[in-house]
Structure formats: C-alpha cells, structure tokens
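The block underneath contains the structure these notes are about, expressed in structure tokens.
Here, each number is a calculation from the coordinates, and none is a lab measurement. Computed from a predicted model, the values in this text were never measured in an experiment. Every residue, glycine among them, receives a Cβ derived from its backbone with ideal geometry; neighbour counts consider all protein chains shown.
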Ligand SMILES: Nc1ncnc2c1ncn2[C@@H]1O[C@H](COP(=O)(O)OP(=O)(O)OP(=O)(O)O)[C@@H](O)[C@H]1O
Ligand SMILES: [Mg+2]
C-alpha cells in the first residue's frame, strides 16, 4: 500500500457509556486519517477520552456510532484476531508468558525466522542473548521491550501505545522513545501513542492531536500543537501544561 493512502481511519467515532436512558458520551465524533511511517501523539487532560479513542481502533471497545477503517476495509468486517494482528495494542504493564523470550516470540508467530527474531531484538534495543533468558528474570524496561518485540512478531501495520513509559524510569523511557521513533522511520508503521507529557510528544511525535471532553479539538505538527496552538482550548492546555 502506498504511503499516500491512510492505513487507518476513524470516521465519526462515538462511544457512549452508562445507562441507556442517560448515557455519557466519552468519545464524540472523532474522525482522523493515519498514515504509515508517522508517530501520532494524543495529548489532553486526564479523563479527556484519549485511552477510550485508542481502544476503539482494535475493538477492545466497540463504537456506539461511526467506523474504524483499516487498510480500506471496515474494522468490523475483520475477524477480531486478524484486526488485532494488523493493529497491535501494547499494554502499559508488560505481561510476558512463562518461558524464554524466544518462547514469547514463537508464541506470537510460530513461523518467525531466526533472522526476524534477531531483527526484532535489534529494533527494540535488547541484547542478542536476551532470547534465551527466562522472561521472569528481566527488568520491567526489558519486559516492556520484549512485549513490543512480541507485538512486532506478528507484523502489525499499526501500533497503539497507551502511555507506554508510564511505569518506567527516565533512562528506560529514553530508550523506549528511541524504539518508538524507529517503528515509524525504519519499520514504516503508523504509531498512535497516548502521552501525558507534551515534552515527550515533542521528542517522539510527528503529528499531535489534542483531545478534550472526547472531542478532537486541534491537530497538526506536534511542535505547532504544543508550542503554538491555534485554538483557545489548545492555548489553555499549553498554559496549564507548560508553565
Ligand atoms: N467503561 C466506562 N464506563 C464509564 N465511564 C468510562 C468508561 N471508560 C471511560 N470512562 C470515562 O470516560 C472518560 C474518558 O476516559 P479515558 O480513560 O479515555 O480518559 P484519558 O484521556 O485516557 O485519561 P487519562 O489521561 O487519565 O488516562 C473519563 O471520564 C472516564 O471516567
Ligand atoms: Mg488514559
């Protein structure tokens, strides 16, 4: 697929929760097109709906209205497993299966070659000998990178990251940020990442999306969104976060 076509699209996504008589709209008419080779950072106050939007993209939750379109086809036309292979979701806290790192990669894809495993270890900045280590013996930063390598083992086109460094210390955060950039620049994935930190969005992101009260308020190159927002709500967010 050429880079001039979106790999993933949101069309008028809404999500209502709560009682049918008095639902609460937590995602409100979200539309956007995502292209390969870019990191999209979702910013916004706590409770804005960032995670709720992300979860709709691989059907961890279902929209109340609107569509997700992956590779030109509605997400609801894919068997959930196939959709989740194409649109991978990395959980904030890494859960690895018992056994070695190699076992974990083989569990995700039993046809994976040794070359591809070595490549995934390189991309995720792990040491080559990590393949034979027991997953339980790894640090949380290593586990998070193995979880990412395992996600990549199924060759997704889109990766969803919800605050992937929230549980990590600053040195490991830097490492993961480097890996995230590589997913877009080297692997040509579309990376959708929620972050609480505008500074992190500046380090990692290409495009920024500001979400407030379930709505997409403003989007654009992340430097512009963070440093020179165009909307009043964008300016209020910047003033609160950057001062
Ligand atoms: N299943 C649910 N039932 C009821 N309310 C929900 C449900 N899921 C999310 N919400 C509410 O929807 C709103 C958006 O939540 P969401 O977790 O998407 O926000 P967020 O932007 O990711 O916040 P944070 O930055 O704190 O992670 C919040 O008010 C939350 O309480
Ligand atoms: Mg969240």
Checklist outcome for this item: The Cα radius of gyration of the chain, divided by 2.2 N^0.38 Å with N its residue count, comes to 1.02
Checklist entry - How high is the relative contact order of the chain, given as a whole-number percent (alpha carbon pairs under 8 Å, six or more residues apart)? => result 27
Item to check | Fewest-first sequence of 193, 117 by Cβ atoms within 10 Å of each Cβ | outcome: 117, 193
Checklist outcome for this item: Most fluctuating of 97, 34, 42 in the GNM of the chain (C-alpha, under 10 Å) is 97
Next on the checklist: For 131, 160, 148, 106, which order do you get if you count the other beta carbons within 10 Å of each Cβ and list the fewest first?
Outcome noted: 106, 131, 148, 160
Next on the checklist: Just to be sure I understand: of the beta bridges DSSP finds with both ends in the chain, what percent are antiparallel, rounded to 5?
Outcome noted: 55
Checklist outcome for this item: GNM on the chain, Cα springs under 10 Å; top mean-square fluctuation among 177, 186, 62 goes to 186
Item to check | Rounded tilt (10° steps) of 140-152 against the dominant C-alpha axis of the chain | outcome: 90
Checklist entry - Considering the chain as a Gaussian network with a 10 Å cut-off on Cα pairs, which listed residue, 231, 173, 41, attains the greatest mean-square fluctuation? => result 231
Checklist outcome for this item: For region 36-150, averaging the sequence separation of alpha carbon pairs under 8 Å that lie six or more residues apart and dividing by its residue count, the contact order in percent is 23
Checklist entry - Please state the relative contact order of region 170-225 as a whole percent: Cα pairs under 8 Å, 6+ residues apart? => result 23
Item to check | Rounded to 10°, Cα long-axis angle of helix 232-242 versus longest principal axis of the chain | outcome: 50
Checklist entry - With axes computed from alpha carbons, what is the tilt in degrees of helix 114-123 against the longest principal axis of the chain, rounded to the nearest 10 within 0 to 90? => result 50
Checklist entry - Could you give the distance between the Cα centres of region 176-243 and region 33-103, to the whole Å? => result 17
Checklist outcome for this item: Only helices counted: for the chain, with every DSSP H run of 4 or more residues adding -39500 (n - 2.57) and the sum spread over all residues, [θ] at 222 nm is -10000 deg cm²/dmol
